[in-house]
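The next block holds one structure in the form of structure tokens; read it before the comments.
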Amino acid sequence: MQDRIRILNVETLSDDWGTLKKTAFEYRARNGEWQSQSRETYDRGDGAVILPYDATRGMVLLTRQFRFPAYAVGHLEPLIEACAGLLDEDDPETAIKREAEEELGYRLNDVVHLYTPFMSPGSLTERLSFFTCSYTPADRISEGGGHADEGEDIEVLEMTLDEAISAILDGRLVDAKTIMLIQHLKLSLLTQAG
């Protein structure tokens, strides 16, 4: 692709929690024609997400928290989500274990990396590393809830996998990364059983 892109100008529009840039460039289409285009990209860093599963009890660990962007477009309830966070300066596995301790109050071991997709490649640079792992109640080390000094007010939820599937179907669970992990787990279990 490098021979099909010519960067003309990059302008930083905002550099606060993340960096918003506007880039003017020329793009050579498949037919050979050069097109002038402009795109805004938002970079807030890469992240990681995990869905712990207790196979013995059929339970998953999730969170519920207020998300202003969802609220701003009319979703008035806090979001049910899988535990997630930015990598900061850590590798994805280290970061997700840290986030699980902070948000869920669980020390998780033997995490399994699934995939690292772009989450919204039309505007975000973020790639999210997806993980799963097994857990038991004995892995709990604290109440969790996140860091209040960072504005986190996270409720830890434990529900059955079937309840999580129902929450997707009835619209209570609308977070894409969480839906992906729950569907992955359900498909994995169906494949193992079949």
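Computed from the coordinates by the stated procedures, all read-outs in this text should not be read as laboratory data. Computed from a predicted structure; not experimentally measured. Using ideal geometry, Cβ is built from the backbone for each residue, glycine included, and neighbour counts are taken over all protein chains shown.
Some notes on this structure:
- Tail fraction, Cα-Cα pairs, segment 2-43, threshold 12 Å, whole percent: 59 percent
- The long axis of helix 176-193 is offset from the longest Cα principal axis of the chain by roughly 60 degrees.
- Cβ crowding within 10 Å, taken as a proxy for footprinting-reagent exposure, orders L62, L190, L114 from fewest neighbours to most as L190, L114, L62.
- Part-to-part distance (alpha-carbon centres) for segment 60-116 and segment 126-194, which is given in Å: 8 Å
- Extreme residue, positive dipole direction of the chain, given options T94, S120, H147 (C-beta unit charges): S120
- The stretch between T136 and L8 holds 40.7 nm of extra length on full extension. This uses 0.36 nm per residue minus the Cα-Cα distance.
- W34 paired with R57, simple spin-label distance in nm, labels 7 Å along Cα-to-beta-carbon: 6.3 nm
- Sorted peptide list for 3-16, 132-145, criterion being average Cβ within 10 angstrom, highest first: 132-145, 3-16
- Among A100, A148, A84, residue whose mean-square fluctuation peaks in a GNM of the chain (springs only between Cα atoms under 10 Å): A148
- Among 67-76, 120-129, 39-48, the order from most to least packed when residues are scored by Cβ within 10 Å on average: 39-48, 120-129, 67-76
- Counting 0.36 nm for each residue step from D15 to A193 and taking away their Cα separation leaves a gain of 59.2 nm.
- Spacing of the modelled spin labels on D43 and E89, each 7 Å from Cα toward Cβ, amounts to 1.8 nm.
- Rotationally averaged projected area of the chain (alpha carbon convex hull; nm²): 14.4 nm²
- Compactness of segment 85-194 as Cα Rg over 2.2 N^0.38 Å, two decimals: 1.13
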